[in-house]
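A quick write-up on the structure given underneath.
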Amino acid sequence: MRRAAFVALIAALAPLAAETRPEKATYVYKTVADLKIELDVYRGPGKALRPGIFWIHGGALIGGSRTGIHPKQLQRYLDSGFNVVSIDYRLAPETKLPEILSDVEDAWRWVQKNGKNRAGIDPKRVAVVGHSAGGYLTLTTGYRVKPLPRALVSFYGYGDLIAEWYSKPDPFYSRQPAVPEQEARAAVGVKPLSGTTGWNPRGRYYLFLRQQGWWPKEVAGVDPAEHPEAFRPWCPASNVTKKFPPTILLHGDNDTDVPVGQSDQMAGLFKQHGVRYEYVRVPGAGHGFDGRMNDPARAALFERAVDFLRQHLR
């Protein structure tokens, strides 16, 4: 595998990077020490306020970038009448999970304050969309930000950070040659950063964490075996109430990175609490299935998400 563990996570979310993209404006929404954390705004034609998409990239909270939005998906959002804000956030392990969540929340505040003037967005009509770890972060906005989003779209996201799939050695990744700890540690540093593009050695660190079952401990800075209660505020599965925004979950049942059981669990909780939701469980599909936008069947699955957004952002 060597590169595949992390490349599959990033490349599926950022294909066709060379395609022509709509014009964008970039803003700094937050500065921490000397690190400027940015977001990109993509606007459709006209001056009228549009509903907004608040887009969160994946990458296991360890890699990825706001530039990873699929160009064809971005264009579909714009063609469907939405403006898009795509955000960066600080990455683990240099920055721990509580601070990562605070970045997402600060980016949301920026949209609420500046959306009209700088993004052409009606701040009362904004949905959150995310993929993989971005799907996880999307689900956290369902109870952590104010005002709550109008709707959520989680592509192969997750709600439980300390279940065995993340806190025990992973059978799929353990089939790969073991990554030495020294090599894994050398792939990351101590200085905070936000956003990575392309392949980089951080993928080896991610593979090491999955082989050891150390992802929650390394990303959150807390050992779930010793302090499981510390994770409760960070786990969407522990925070579903009837106030949760309408949500659509899209997940392949052959996902070897995030098990489909994570979306099964969230769907069950939504049903239990009376949350409006849709669940698109895709037979035979793996992680990043929506990246194949040239495949009519996969593009149709993405259209399910767009239809959901239209329904809840009119």
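Residue-by-condition table, conditions (1) crowded, with 21+ Cβ neighbours inside 10 Å; (2) of a type in the set (A, V, I, L, M); (3) touching a Ser or Thr at 6+ places or on another chain (Cβ under 9 Å); (4) closer than 29 Å to Lys30 by Cβ:
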{"site": "Gly195", "(1), (2), (3), (4)": "no, no, yes, yes"}
{"site": "Arg202", "(1), (2), (3), (4)": "yes, no, yes, yes"}
{"site": "Arg210", "(1), (2), (3), (4)": "yes, no, yes, no"}
{"site": "Trp215", "(1), (2), (3), (4)": "yes, no, yes, yes"}
{"site": "Thr241", "(1), (2), (3), (4)": "no, no, no, yes"}
{"site": "Thr247", "(1), (2), (3), (4)": "yes, no, yes, yes"}
{"site": "Gly252", "(1), (2), (3), (4)": "yes, no, no, no"}
{"site": "Asp264", "(1), (2), (3), (4)": "no, no, no, no"}
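Anything in the range 218-232 that is free of Cβ contacts under 8 Å to residues at least 40 places away in the same chain and of a type outside the set (Asp, Glu)? List them, or say none.
Residues satisfying the conditions are Val222, His227, Ala230, Arg232.
Which residues, counting only those in the range 161-193, are assigned to a loop (DSSP other than H, G, I, E, B) and aromatic (Phe, Trp, Tyr)?
The one that is assigned to a loop (DSSP other than H, G, I, E, B) and aromatic (Phe, Trp, Tyr): Phe172.
List pairs: first in the range 36-49 and among the aromatic types (Phe, Trp, Tyr), second not in a strand (DSSP E or B), Cβ under 9 Å, 6+ apart or cross-chain?
That search, which allows pairs on different chains as well, returns Tyr42/Arg21; Tyr42/Pro22; Tyr42/Glu23; Tyr42/Ile69; Tyr42/Leu74; Tyr42/Tyr77; Tyr42/Leu78; Tyr42/Ala119.
Looking for whichever is in contact with a helix residue (DSSP H, G or I) (Cβ under 7 Å, 6 or more places away or on another chain), at pLDDT 95 or above and surrounded by fewer than 19 Cβ atoms within 10 Å (Cβ to Cβ) here; the options are Glu181, Glu164. Which one fits?
Step by step, each of Glu181, Glu164 is checked, and only Glu181 is in contact with a helix residue (DSSP H, G or I) (Cβ under 7 Å, 6 or more places away or on another chain), at pLDDT 95 or above and surrounded by fewer than 19 Cβ atoms within 10 Å (Cβ to Cβ).
Under 6 Å between Cβ atoms, at least 6 apart or on separate chains: pull out the pairs that start in the range 80-91 with a residue that is farther than 13 Å from Ile69 by Cβ and end on any residue that is part of a loop (DSSP other than H, G, I, E, B) and among the hydrophobic types (A, V, I, L, M, F, W, C).
Leu91/Ile62; Leu91/Leu193
Taking interchain pairs and intrachain pairs at least six residues apart, which have beta carbon atoms under 7 angstrom, with the first residue in the range 141-167 and among the basic types (Lys, Arg) and the second part of a loop (DSSP other than H, G, I, E, B)?
Cβ pairs passing all conditions: Arg150/Pro245.
Cβ-Cβ distance below 6 Å, separation of 6 or more or different chains: which pairs start in the range 280-301 with a residue that is within 19 Å of Gln265 (Cβ to Cβ) and end on one that is among the charged types (D, E, K, R) and assigned to a helix (DSSP H, G or I)?
As it stands, the answer is Val280/Arg304, since those pairs meet every condition given.
Looking only at the range 23-79, filter to residues that are within 25 Å of Arg304 (Cα to Cα) and among the aliphatic types (A, V, I, L, M); which one of those is nearest to the chain's Cα centre (by Cα)?
Ile56
Is it the case, given these coordinates, that Val258 is of a type in the set (Val, Ile, Thr), surrounded by 15 or more Cβ atoms within 10 Å (Cβ to Cβ) and over 25 Å from Ile121 (Cβ atoms)?
When the stated conditions are applied, Val258 passes them.
Looking only at the range 278-285, decide whether some residue is surrounded by 13 or more Cβ atoms within 10 Å (Cβ to Cβ) and assigned to a helix (DSSP H, G or I).
No, because not a single residue in the range 278-285 is surrounded by 13 or more Cβ atoms within 10 Å (Cβ to Cβ) and assigned to a helix (DSSP H, G or I).
Given (1) buried (at least 23 other Cβ atoms within 10 Å of the Cβ); (2) at positive phi, where does Tyr158 come up short, assuming only one miss?
(2)
Give the residues of the range 194-224 that are in a loop (DSSP other than H, G, I, E, B) and at pLDDT 95 or above, sorted by residue number.
Residues satisfying the conditions are Gly213, Trp214, Gly221, Val222, Asp223, Pro224.
The values are calculated or read from the model by the stated rules, or taken from the named source; none is laboratory data. It should be emphasised that the depicted structure is a prediction, and the values quoted were computed from it without experimental measurement. Positions of Cβ are backbone-derived with ideal geometry, glycine not excepted, and every protein chain shown enters the neighbour counts.
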